[in-house]
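Colleague: Before I ask anything, let me first share the structure, which is written out below as structure tokens.
The values are calculated or read from the model by the stated rules, or taken from the named source; none is laboratory data. What you are looking at is a predicted structure, and each value in this text was computed from that prediction instead of being measured. A quick note on method: Cβ atoms are made from the backbone with ideal geometry, for glycine too, and the neighbour counts reach across all protein chains shown. Heavy atoms of the whole protein, side chains included, go into the accessibility calculation; ligands, DNA and RNA do not. Shrake-Rupley method; radii C 1.70, N 1.55, O 1.52, S 1.80 Å.
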Amino acid sequence: MSESSKLPDNLSELLSHLHERQEKRGNCTMKDRAELWLRYGGENLDISPPNFHHALATWLANAGLVHKDKAEDVAAVLYCLGVTNSNNLFQKVNQGKLVAMGIGKNGRRNAKGQRKA
């Protein structure tokens, strides 16, 4: 990937950048999706199906998009709305296809599978 696809570091610039992509119906690359997820603590979250809604709500709180006191409410709403972990990013994480982009099958940063001791 070219360095030009790197996401902005500043949150307000990042949100503007993502709004532009959404308005243009442009896709975020898988590299951008992985970087965005890892940037706000995604590697510390359990994205398995039973915990997915809590992980996503916690990530939104970590990013400052949801107040931390409302994360549990957001998780319940995401669950009720039918938001699932079958999203492209999380499917690929669970299939172990994002190791090259820094996310192993267990959802952890740079986890390249089981390491020998």
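Colleague: In the set [x] 10.8; [y] 8.5; [z] 12.6, which value of mean projected area of the Cα convex hull in nm² was calculated from the structure you see?
Modeller: [y]
Colleague: Where only protein heavy atoms count, and the probe is 1.4 Å, what is the accessible area per residue for segment 1-115 in Å²?
Modeller: 64
Colleague: Report relative contact order for the chain in percent, whole number only (criteria: Cα-Cα under 8 Å, sequence separation at least 6).
Modeller: Computed over the chain, the figure is 20 percent.
Colleague: Follow-up question, since we're still on this one. In the neighborhood of L56, defined by Cβ-to-Cβ distances under 15 Å, what is the net charge if each Lys or Arg adds +1 and each Asp or Glu adds -1?
Modeller: 0
Colleague: 7 Å from Cα along Cα→Cβ at both K24 and N51: what's the point-to-point distance in nm?
Modeller: If labels sit at K24 and N51, their model points lie 3.7 nm apart.
Colleague: If you roll a 1.4 Å probe over segment 7-95 with all protein chains in place, what percent of the accessible area is carbon or sulfur?
Modeller: Roughly 53 percent, rounded to a whole number.
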